[in-house]
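Undergrad: I'd like to ask you about the structure that follows.
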Amino acid sequence: MKKIIVMLIAAAMVLSLAVSCGDSENKTDEIGENVSSVQEVAVDEDLAAIIKNASQIGEGTAGQSLKYAELARDVASFAANRGFTDGAVEELKTTFEKTFEELDEDGRASVDAAFMNGVIPLLDKAIEEGQYDKVKKDFEDAGAADDMATILKAPGLNVSYRAIKSAYLTLGNSED
């Protein structure tokens, strides 16, 4: 919520600058560029937060499967809200790489385990295969079933999720 407010404040500041001075045609281009860069920063920060959350789920952690389902919900929500296309894979991959650089070896291993053993299998079944009913219990146990039912209705979710998944899988971190 704070990130959205910060993004809106930044956009408002950019708009107020445009209104207060100069050539309106040039300012419109600048506004578009500034809003785009604010959105990119928000994407980077949101994806980095998801990755860092995944790094905190160690192997054998109590409630690990519940945490995987919560993380899968967060990834699906991120995909639904951002509406990525296949053209976003490299940008997403860059964010994954930058965030991975900040993690120690255990953190990177935890992210790999979370994505390979939790997020991707759950979301592949729910989104790509359209068989949410087969993994619904996992989301129910984590208290995320209602959120997932809503997220799964988002237009373009499949393409957006596939972009995130492709970015992750092309990192070369996982042995799978």
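The values are calculated or read from the model by the stated rules, or taken from the named source; none is laboratory data. It should be emphasised that the depicted structure is a prediction, and the values quoted were computed from it without experimental measurement. Cβ coordinates were reconstructed from backbone atoms using ideal geometry, including for glycine residues, and neighbour counts include every protein chain displayed. These accessible areas exclude ligands, DNA and RNA; they are computed on the full protein's heavy atoms, side chains included. Shrake-Rupley method; radii C 1.70, N 1.55, O 1.52, S 1.80 Å.
Undergrad: Being of a type in the set (Phe, Trp, Tyr) and surrounded by 18 or more Cβ atoms within 10 Å (Cβ to Cβ) is the filter here; which residues of the range 91-111 pass it? Before the answer, list the steps.
TA: Keep residues of the range 91-111 that are of a type in the set (Phe, Trp, Tyr), which gives 96, 100.
Phe96, the sole residue that qualifies.
Undergrad: Would you check which residues across the range 51-66 are in contact (Cβ under 8 Å) with a residue 12 or more places away in the chain, surrounded by fewer than 19 Cβ atoms within 10 Å (Cβ to Cβ) and either in a loop (DSSP other than H, G, I, E, B) or β-branched (Val, Ile, Thr) (or both) and list them?
TA: Passing the criteria: Gln56, Gly58, Glu59.
Undergrad: Let me ask another. Just name the residue that is farthest from Pro121 (Cα to Cα) out of those in the range 67-80 that are in contact (Cβ under 8 Å) with a residue 40 or more places away in the chain and open to solvent by 20 Å² or more (accessible area, probe 1.4 Å). Don't jump to the end; show me each part of the working.
TA: As a first pass, look at the range 67-80 and keep what is in contact (Cβ under 8 Å) with a residue 40 or more places away in the chain: 67-73, 75-80.
Within this subset, residues satisfying the condition of being open to solvent by 20 Å² or more (accessible area, probe 1.4 Å) are 67, 70, 73, 77, 80.
Values: Lys67: 14, Glu70: 13, Arg73: 12, Ser77: 16, Ala80: 18 Å.
Taking the candidates together, the pick is Ala80.
Undergrad: Mind counting the residues in the range 81-135 that are more than 19 Å from Gly63 (Cα to Cα) and outside any helix (DSSP H, G or I)?
TA: Initial filter on the range 81-135 (more than 19 Å from Gly63 (Cα to Cα)): 81-105, 108, 124-134.
Checking the rest, the ones that are also outside any helix (DSSP H, G or I) come to 83-85, 102-104, 129-131.
Count: 9.
Undergrad: Return only the number of the condition from (1) within 26 Å of Glu59 (Cα to Cα); (2) in contact with an Asp or Glu (Cβ under 7 Å, 6 or more places away or on another chain) that Asn158 does not satisfy.
TA: (1)
Undergrad: Any idea which of Asp138, Asp124 is closer than 21 Å to Ser110 by Cβ and more than 19 Å from the chain's Cα centre (by Cα)? Let's see the steps before the verdict.
TA: Values: Asp124 fails: more than 19 Å from the chain's Cα centre (by Cα).
Result: Asp138 is the single residue among Asp138, Asp124 that is closer than 21 Å to Ser110 by Cβ and more than 19 Å from the chain's Cα centre (by Cα).
Undergrad: Then there is this: Tell me whether the range 33-41 contains one or more residues that are farther than 15 Å from Ala167 by Cβ, assigned to a loop (DSSP other than H, G, I, E, B), open to solvent by 40 Å² or more (accessible area, probe 1.4 Å) and modelled with pLDDT under 95. Walk me through how you get there before you give the answer.
TA: Filtering the range 33-41 for residues farther than 15 Å from Ala167 by Cβ gives 33-39, 41.
Next, only the ones that are assigned to a loop (DSSP other than H, G, I, E, B) stay: none.
No: the range 33-41 contains no residue that is farther than 15 Å from Ala167 by Cβ, assigned to a loop (DSSP other than H, G, I, E, B), open to solvent by 40 Å² or more (accessible area, probe 1.4 Å) and modelled with pLDDT under 95.
Undergrad: OK, next. Any residue that is over 16 Å from Val75 (Cβ atoms), touching a helix residue (DSSP H, G or I) at 6+ places or on another chain (Cβ under 7 Å) and among the aliphatic types (A, V, I, L, M) - is there at least one of those in the range 99-107?
TA: Yes - at least one qualifying residue is present in the range 99-107.
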